[in-house]
Amino acid sequence: MSNGSAIDQRYVWHPFTQMKEWTDPDTPPLMIVGGEGAELIDEDGNRYIDGNASIWTNLHGHRVPELDEAIQEQLGKIAHCSSLGMASQPAAELAYGLLKMFYQDSEESDWQHRVFFSDDGSTAMEAALKMVHQARQQRGEANRQTMISLSTGYHGDTVGAMSIGQSPLFHQTYKDLLFPTKEVMRPACYRCPYNQAKPVKGQEARLSRKCHFECVGEMKQAISEAGEAASAVVMEPSVQGAGGMAMMPEGYLREVADLCQQNGLWLILDEVMTGFGRTGAPFACHKEEVIPDLLALGKGMTGGYLPMAATLVHDQIYEAFLGEYEELKTFFHGHSYSGNPLGAAVSNANLRLLQERGFDQAKALEDNLQQHAPLFWELDHVGDVRQEGPILAIELVEDFSSAQSFPFQRRIGHQVCQECRKRGLLTRPILDVLVLMLPYAAGEEQVESAASILRESIEAVLG
Ligand SMILES: *Cc1c(COP(=O)(O)O)cnc(C)c1O
């Protein structure tokens, strides 16, 4: 067997995929053989706009000369060496670069975090959870065990990351494997039970909301219920990705950070999706001037080139691990490819590109998408159009005024994305939430084309 698509259908198991459908011989898989800028190219030479930036990882497009060269240059030296018992220049440089981006204008003497490298978003979160758990014990605070996290939060698929995720759809089956956590209402205005405002066409629910910030009250109550057992609050700041591009009202993160500070809780921010300019700032925490105790980064860190991730951790947590060897305070955790020099080299080039042009392009993309948002509101079944930085999300509903969703079995979002594919746009829905999350390098014409394909495809499915 030499035909890639036949081998794939016979032998490969794809993630988050119903394989009974995938292996249908009448629908061979889309085989991608190349990429260029914001486009992907299939084996027949068809081009598609990469509408979800290759699952939210890609920042500058595909085959970016600066990124390709960074990898080639590092390959000329060494592809990988372990981080156990040795250090490498690219990984050291990356730790410095990440902290510089995180601390922005602060003096280096004020930096108070360290960087722990791993392989992907899930492992960056897993490391954060284990650091917190162990640090609490080594600080004599073993009673502080409870992690508090938001409904529909998503932090990855490893067992620890699932435990703090609150995604019934993905995690129900595994619930006996998970450690207990405390779930708090998510601050998502469109479907918030406290929001008294009726949906208004053309107005994002976040901006027309009528409420008293009850979501903050709910967090306050959860922290007080957890009492002395409370250890940390975990959340995706600004936008919950897999939770349906649920966007938070301004000020929520600041309030939660203050509550953590007042109650001795650590704040773990998962910026695996929101990091590196995805929400209109280098990191989403910058928008509310919040400095988390732990920050998980992944996806865009390598510009979408290689799997590599990082956990930034505050010195007060790190210091709990210092001691004599026999005290066994070491963080006994790590991965074979921790600090991978190739991944670090391309990440370093990515950070440079972001400063040189990426952040400016992200801003231009944000403005560009904003121009197209009104066109979606005109469609009957569009319930909410929301945008944060260069992320645009369109939520389809059966009924506008009640915000009633379609039955999930109808797979409306999926059908719309199938129509998009026929027209040259690839993106994945989250149930009936459609996402436009292009590489920052996408040009005006590509944005225009992505938006009009998406609109046509919604009409093709829903009339
Ligand atoms: C994708 C994602 C993860 C998991 O990252 P992987 O690289 O898929 O393991 C964790 N948190 C958030 C917010 C994500 O979007």
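So for the stretch 290-308 (the condition being modelled with pLDDT of 95 or more, among the hydroxyl-bearing types (S, T, Y) and near the ligand (Cβ under 10 Å from one of its atoms)), does at least one residue qualify? No. Contact map, the stretch 27-54: first residue without any contact (Cβ under 8 Å) to a residue 12 or more places away in the chain, second residue exposed (fewer than 15 other Cβ atoms within 10 Å of the Cβ) and not charged (D, E, K, R), Cβ cut-off under 7 Å, separation 6 or more or different chains; pairs are I41/V33; I41/G34. Cβ separations smaller than 7 Å between residues 6+ apart or across chains give the following pairs from the stretch 207-222 residues that are touching a residue at least 60 places away in the same chain (Cβ under 8 Å) to residues that are surrounded by 15 or more Cβ atoms within 10 Å (Cβ to Cβ) and β-branched (V, I, T): M219/V184; M219/V256; A222/I148; A222/V184. Contact map, the stretch 156-173: first residue within 10 Å of A242 (Cβ to Cβ), second residue within 13 Å of the ligand (Cβ to nearest atom) and part of a loop (DSSP other than H, G, I, E, B), Cβ cut-off under 6 Å, separation 6 or more or different chains; pairs are G165/G153; G165/Y154; G165/H155; S167/Y154.
Among the residues making up the stretch 133-149, a single one is more than 16 Å from the ligand (Cβ to nearest atom) and either modelled with pLDDT under 95 or under 21 Å from the mean Cα position of the chain (by Cα) (or both): I148.
Residue-by-condition table, conditions (1) within 30 Å of E366 (Cα to Cα); (2) hydroxyl-bearing (S, T, Y):
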| site | (1), (2) |
| --- | --- |
| A281 | yes, no |
| P292 | yes, no |
| G303 | yes, no |
| Y325 | no, yes |
| G339 | no, no |
| G343 | yes, no |
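Hey, does the stretch 186-200 have a residue that's of a type in the set (K, R), more than 18 Å from the chain's Cα centre (by Cα) and either surrounded by 23 or more Cβ atoms within 10 Å (Cβ to Cβ) or under 30 Å from P374 (Cβ atoms) (or both)? Yes, that holds for at least one residue. Regarding Y190, is this residue without any contact (Cβ under 8 Å) to a residue 24 or more places away in the chain, in contact with an Asp or Glu (Cβ under 6 Å, 6 or more places away or on another chain) and away from the ligand (no atom under 16 Å from the Cβ)? For Y190, the condition - without any contact (Cβ under 8 Å) to a residue 24 or more places away in the chain, in contact with an Asp or Glu (Cβ under 6 Å, 6 or more places away or on another chain) and away from the ligand (no atom under 16 Å from the Cβ) - is not met.
Those helices (runs of 4 or more DSSP H) of the stretch 165-229 in which at least 3 residues are at pLDDT 95 or above, considering only elements entirely within it, cover 214-226. Here L365, L351, L454, L434 are screened, and the one residue that is in a helix (DSSP H, G or I) and either surrounded by fewer than 21 Cβ atoms within 10 Å (Cβ to Cβ) or touching a Ser or Thr at 6+ places or on another chain (Cβ under 9 Å) (or both) is L454.
Put simply, of H335, H314 the only residue that is more than 16 Å from the chain's Cα centre (by Cα) and within 16 Å of the ligand (Cβ to nearest atom) is H335. Residues in the stretch 89-145 that are closer than 30 Å to L75 by Cβ and either in a helix (DSSP H, G or I) or among the small types (G, A, S) (or both): 22 in all. The residue that is nearest to the chain's Cα centre (by Cα), counting only those in the stretch 1-32 that are closer than 19 Å to R428 by Cα and among the hydrophobic types (A, V, I, L, M, F, W, C), is F16. Exactly one residue out of E419, E395, E388 is under 21 Å from G277 (Cβ atoms), acidic (D, E) and surrounded by 16 or more Cβ atoms within 10 Å (Cβ to Cβ): that is E388. E271 meets the conditions (1) without any contact (Cβ under 8 Å) to a residue 24 or more places away in the chain; (2) within 13 Å of the ligand (Cβ to nearest atom) in every case but one. The failed one is (1). When the stretch 103-128 is filtered for residues that are more than 16 Å from the ligand (Cβ to nearest atom) and crowded, with 20+ Cβ neighbours inside 10 Å, the ones remaining, listed by number, are H113, V115.
Per the listing V256, V234, V272, the residue uniquely part of a helix (DSSP H, G or I), surrounded by 22 or more Cβ atoms within 10 Å (Cβ to Cβ) and not aromatic (F, W, Y) is V256.
The values are calculated or read from the model by the stated rules, or taken from the named source; none is laboratory data. This structure is a prediction, so every number in the text was calculated from the model and none was measured. All Cβ positions, glycine included, derive from the backbone under ideal geometry; neighbour counts span all protein chains shown.
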